[in-house]
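Asks: This is the structure I want to talk about, given as structure tokens.
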Amino acid sequence: MKTSTNILSRLSLIVVACAFVASTSVKAQEVKTDPGRGTSGEIARLIVNRSANFGTNESIKLFVDGTQVAVLGYNQSYNAPLAPGKHLLSISTSPETYPEGTPKQLAITAEPGGTYTFTAVWPDPERAGLIRS
């Protein structure tokens, strides 16, 4: 009887710990905004989601204009302000799946007040990429 109570309490502790980890959000590094950009002073918003079948052993490093702004683990996404104007988006995986060469960059022009949503996917077996959602 004591053994089953001990196992049940350990299992409960593991469930609580897993629920806590699953509920934590990614601390997104905000991309620096220039208040002089855009006509109305509004900023844009960038959202990057991780596809459901991306994998569990890889994390995604998200870059905006060559600066890493987030690392997305399983079931996480990025949602942060983005200065209006031209930007280059790219992702890489950790562990790296394509150590030779640089990740493909995606150019966008963010309009004030616009929302730009992308999903991280595997468009081919060796290279992860972003698609517009």
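Derivation of every value follows stated rules applied to the coordinates shown; laboratory data play no part. Fair warning: this is a prediction, and the values are worked out from it, not measured in the lab. Note that each Cβ is placed from the backbone with ideal geometry, even for glycine, and that neighbours are counted across all protein chains shown.
Asks: Hey, for a label at residue 47 modelled as a point 7 Å past Cα toward Cβ, could you say which residues of segment 61-98 have their backbone N under 13 Å away?
Replies: Output list for this probe position: 77-81.
Asks: Under the 0.36 nm per residue contour assumption, what length would be gained going from the current alpha-carbon distance of residue 124 and residue 109 to full extension?
Replies: Extending this stretch completely gives an extra 2.8 nm.
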